[in-house]
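Colleague: First the structure, then my questions, so here it is.
The values are calculated or read from the model by the stated rules, or taken from the named source; none is laboratory data. Source: prediction; values computed, not measured. Neighbour counts are summed over all protein chains in view; Cβ atoms, including those assigned to glycine, are modelled from backbone coordinates with ideal geometry.
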Amino acid sequence: MFQNAGVELVDEYVVLPSLDSPVIVVQDSSTTMLWSWRNYLTVPPGAAWSAGPAYLAISLARRLPPGVLSAVLPQRLALGRVR
């Protein structure tokens, strides 16, 4: 799509979600995704009633390969330049 407009894709970013709005934008690479997932994924504040299941889900998600994580996150940001 962007190639037809004369735009070259420079980089792609994944937007990590929260319950309210996106919290952080990280480069879509295994290293940055893995680091971000391990350091920013946490149980949301005020979710004490669901802390047990949430911690379980988080620990399982942290074990997934970074490529799986970036594939399931719906929001992306593409950085391009005009050729």
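Colleague: Looking at the stretch 34-74, which of its residues are modelled with pLDDT under 75, within 11 Å of the chain's Cα centre (by Cα) and either within 27 Å of Gln3 (Cα to Cα) or surrounded by 13 or more Cβ atoms within 10 Å (Cβ to Cβ) (or both)?
Modeller: Trp37, Leu41, Pro66, Gly67, Val68, Leu69, Ser70, Ala71, Val72, Leu73, Pro74
Colleague: Against the conditions (1) modelled with pLDDT of 80 or more; (2) exposed (fewer than 11 other Cβ atoms within 10 Å of the Cβ); (3) aliphatic (A, V, I, L, M), where does Val25 fall short? Just the number, please.
Modeller: Tallying (1) modelled with pLDDT of 80 or more; (2) exposed (fewer than 11 other Cβ atoms within 10 Å of the Cβ); (3) aliphatic (A, V, I, L, M), Val25 fails exactly one: (2).
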